[in-house]
């Protein structure tokens, strides 16, 4: 088991600490030869920062408050990193059969796994009941399938919940907002309030309500309002059935991340304070709290490091051609206004460049015009062979590879302190080989099927 140094009173890393760690990372990446012709980019997870973020979440809630904090697997599908969360006592939120098996392989006990897929098949529902893991029903048609599965399966150990859409509106990023009037997720609270109450009241095995109003671009107050509406519904159900049926409230994740600097803001303590002011019943021991944070636990831990292959000028503007683009920063390339990333420039030896900035573009390797990490950005002059470091990429950037142009998945390394305080490197995921790309591209020739 990994010795994760979580301790009460531990503070979040300062901006200077994060900058210093990143400078160390880039220098080591250069010095250890992680970047070469065969592997012109890599990703790095800083485990010390990861441990501090885990500690910040657990410390934000009273120790006597029943709570299950889970890591959203979709944010960081790296088995050894997920194992670190499991060893620290976290649970895991999964949204597909692949993520479920990954969570089990990483060491999460089934009772600490929450299955949230909106498109569960009948066998997947049966597997959830068989394992005794928590899952949230997305819609009334799924509820009918669960009725059938429970009638067939009989007694089970799962915490079964219903995902509700509080319909409180959109945040700053529409694609990340899940509490709109017509969101694809959950059952609309305003649309079907009475039907929801009747459905829960007639099924004593529904003991959990789930709400997640969105992630990046959503204010703390907006998210808290959605939780308040669900807590009010839980109390109404208690009144209707004459006893407390809802035992757990799953508030999802959604704490936004500051991508503009190394300041970690808002914090989990900030989120807790806003939530407690809006929903005091959530903190009096009535309910077990479940959280499903992803980006907030991982973004600040990660750095992409890529080599600058060429530089040139077009229309009077310098352009740096790097090996980090749409294949690893997909959201940033396709929606740069919603997902801007910072760029730092280092020389080939991993020393930070500090020259007077000039307006430049930073491009990726893919064969289309829009493959740009940054356009018109003030940066120190970038030269051929330099390294660009892209902070705040620990969440999603290593788990949502886009295989355009058959560009390979890069290697992911970790660095963290051993029990003696020495920083040690490990390999979390090998770079994808050309042979693996060929194997995933299909059969060597067409395979005739039976007539």
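Within the set [x] 4, 15, 21, 20, 16, 11, 8, 4, 1, 0; [y] 4, 20, 30, 28, 15, 4, 0, 0; [z] 4, 20, 28, 24, 15, 7, 2, 0, the number that P(r) over Cα pairs in 10 Å bins from 0, in percent takes when calculated for this structure is listed as [z]. Using a simple spin-label model with pseudo-atoms 7 Å out from Cα toward Cβ, residue 144 and residue 265 lie 5.1 nm apart. Of the beta bridges in the chain, as assigned by DSSP with both residues counted there, near 45 percent are antiparallel. Per-peptide packing, taken as the mean over residues of other Cβ atoms within 10 Å, places 349-357, 330-338, 388-396 in the sequence 388-396, 330-338, 349-357 from highest down. What list do you get for 268, 283 if you sort them by fewest beta carbons within 10 Å? Sorted ascending by nearby Cβ count, the order is 283, 268.
Quick one: angle between helix 15-31 and the longest Cα principal axis of the chain, in degrees between 0 and 90, rounded to 10, please. It works out to around 50 degrees.
Between the C-alpha center of region 225-283 and that of region 325-361 there is a gap of 35 Å. When each of 367, 92, 42 is scored by the number of other beta-carbon atoms lying within 10 Å, the sequence from fewest to most is 367, 42, 92. For helix 220-241, report the angle its Cα long axis makes with the longest principal axis of the Cα atoms of the chain; keep it between 0 and 90° and round to the nearest 10°. In the chain, helix 220-241 runs at an angle near 20 degrees to the longest axis.
On full extension, the segment bounded by residue 356 and residue 16 gains 120.3 nm, given 0.36 nm per residue less the C-alpha separation.
Just to confirm the number: angle between the C-alpha axis of helix 268-278 and the first principal axis of the chain, 0 to 90 degrees, nearest 10? For helix 268-278, the angle is close to 30 degrees. Highest mean first, the peptides 243-255, 140-152, 122-134 sorted by other C-beta atoms within 10 Å per residue fall in the order 243-255, 122-134, 140-152. Does a label point 7 Å from the Cα of residue 27, set along Cα-to-beta-carbon, have any residues of region 409-447 with amide nitrogen under 17 Å, and which are they? From region 409-447, the list is 415-417, 422-425.
Listed by Cβ neighbour count within 10 Å, with the fewest neighbours leading, 288, 298 appear as 288, 298. Estimated purely from DSSP H runs of n ≥ 4, each contributing -39500 (n - 2.57), the mean residue ellipticity at 222 nm for the chain is -9000 deg cm²/dmol once divided by its residues.
In terms of the mean number of neighbouring beta-carbon atoms within 10 Å, the peptides 18-24, 207-213, 188-194 order highest first as 207-213, 18-24, 188-194.
Averaging the Cα positions of each part gives two centres, and for region 131-168 and region 58-122 these lie 18 Å apart.
A short reminder: the numbers here are calculations on the coordinates, not readings from a lab. Model, not experiment: these values are computed from the prediction. Methodologically, a virtual Cβ is constructed for each residue, glycine included, from the backbone with ideal geometry; neighbour enumeration extends over all protein chains shown.
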